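The values are calculated or read from the model by the stated rules, or taken from the named source; none is laboratory data. For clarity, every value in this text was computed on a predicted model and none was experimentally measured. Note that we place each Cβ from the backbone using ideal geometry, even for glycine, and neighbour counts take in every protein chain shown.
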Amino acid sequence: MDNRPLVSVIIPAYNAGKYIHETLDSVIGQTWPLVEAFVIDDGSSDNTVEIARKYISDRISVVEQKNSGACVARNKGLSLSKGKYIQFLDADDVLSHDKIEKQVAILENNPLYLGVSPSVHFMNGQDYLNMKPREESFWIHDTDDPVDFLVRLYGGDGERWMVQTSAWLTPKTIADTIGPWNEKLLLDQDGEYFARAVLASKGIRTTGGINYYRRFTLGGNISAKANKIENLRSALLALNLKAQYLMAHTRSDRFLQAMATLYQEIAINAYPQFPELVAECEGEVHKTGKRPDLPLMGGRLIETTKHVFGWKAAKLLRSKIHVLMKKTGSP
């Protein structure tokens, strides 16, 4: 009898027909032999289900649901999972062949820790196997202090970083403790979920090398989304929740500085179309008592405007320049 732990891979999929074969190939190619995978199709209108069904086996299942969002799909996958560890995987991303094996080896010796791997972001057509990890992969390190990990992640030391959804490996005991993904969220779903997961853990354990490849598509910024107000409100709700979780553990200057900067970022994205949202974010910035770090907003002219006249003037100037470039056909 094989006593090694089972790992459950949960793949929410929506119109991922172009990529899901590559994703599933990376799952069945894992060097860790005890893997089950659930493709939860979220009402795709392309050939996602048709392709995924070709992979059905005693290890891979395909479940169809009406279009309800990625969080609903992940929660469905969690309800079906029997593994000791959970690997969330987006349907257009790829795992290295040894990702699960390396993370399981570390977590088996570190109960109730979360595993995090380095990641490569790539565009279609790029030779991602020969690309270097993103900069944040070199920043993330082992820690026994979950609170400090999140404060640093959110920018408490001046630079903000990211951990992508599929870079994590999560013990099922932690997933059971923190409960389901928040189905109200459209944006920063993983940020909110893993804030809870990190705080429920004993800390973080990392793997070396390159273990996860994220397919990057243009137009991902929240200011470019079609349903901009819904996405901005989701970003604000997620940030409010993350702030609430961390305030139960710390009110340090580093934490307050990070929150001020994150609320300011949403305000900049909301201005000038949604003044009520801007005012709400500015109110949260004021509560921190900190001066937020303003992001880079453009070239020399826009940055000079920001420093002389403020970020609102810089945002209006940037918008006018974008309109002018569209009219003239400038790149």
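Which ones in the range 203-227 are over 13 Å from the mean Cα position of the chain (by Cα), charged (D, E, K, R) and at pLDDT 80 or above? Arg205, the sole residue that qualifies.
Here's the yes/no breakdown for (1) under 20 Å from Asn75 (Cα atoms); (2) free of Cβ contacts under 8 Å to residues at least 40 places away in the same chain; (3) not assigned by TED's automatic domain parsing to the domain that holds Asn75; (4) not hydroxyl-bearing (Ser, Thr, Tyr):
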residue: Gly156; (1), (2), (3), (4): no, no, no, yes
residue: Ser166; (1), (2), (3), (4): yes, no, no, no
residue: Lys172; (1), (2), (3), (4): yes, no, no, yes
residue: Pro180; (1), (2), (3), (4): yes, no, no, yes
residue: Asp188; (1), (2), (3), (4): yes, no, no, yes
residue: Gly208; (1), (2), (3), (4): no, no, no, yes
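In the set (1) modelled with pLDDT under 95; (2) under 16 Å from the mean Cα position of the chain (by Cα), the condition left unmet by Ser96 is number (2).
Residue-by-condition table, conditions (1) basic (Lys, Arg); (2) surrounded by 20 or more Cβ atoms within 10 Å (Cβ to Cβ); (3) free of Cβ contacts under 8 Å to residues at least 40 places away in the same chain:
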site	(1), (2), (3)
Val9	no, yes, no
Asn15	no, no, yes
His21	no, no, yes
Ile28	no, no, yes
Trp32	no, yes, no
Phe38	no, yes, no
Gly43	no, no, yes
Thr48	no, yes, no
Arg53	yes, no, yes
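Taking the range 1-101 as the region of interest, the helices (runs of 4 or more DSSP H) fully inside it that hold 1 or more residues being more than 21 Å from Trp181 (Cα to Cα) are 20-28, 48-53.
Answer yes or no: is there a residue in the range 133-148 that is more than 21 Å from the chain's Cα centre (by Cα), in the same structural domain as Ser26 (by TED's automatic domain parsing), surrounded by fewer than 17 Cβ atoms within 10 Å (Cβ to Cβ) and not in a loop (DSSP other than H, G, I, E, B).
No: the range 133-148 contains no residue that is more than 21 Å from the chain's Cα centre (by Cα), in the same structural domain as Ser26 (by TED's automatic domain parsing), surrounded by fewer than 17 Cβ atoms within 10 Å (Cβ to Cβ) and not in a loop (DSSP other than H, G, I, E, B).
Considering Gly77, Gly83, Gly115, Gly29, the condition of being in contact with a Pro (Cβ under 8 Å, 6 or more places away or on another chain), more than 14 Å from Pro12 (Cα to Cα) and small (Gly, Ala, Ser) is satisfied by Gly83 alone. Does Ala279 satisfy the condition of being part of a helix (DSSP H, G or I), at pLDDT 95 or above and either in contact with a Phe, Trp or Tyr (Cβ under 8 Å, 6 or more places away or on another chain) or surrounded by fewer than 22 Cβ atoms within 10 Å (Cβ to Cβ) (or both)? When the stated conditions are applied, Ala279 passes them.
The residues of the range 164-208 that are of a type in the set (Lys, Arg) and in a loop (DSSP other than H, G, I, E, B), listed by number, are Lys184, Lys202.
Can you report the number of residues in the range 57-115 which are on the phi < 0 side of the Ramachandran plot and either among the hydrophobic types (A, V, I, L, M, F, W, C) or not assigned by TED's automatic domain parsing to the domain that holds Trp168 (or both)? So the count comes out to 21.
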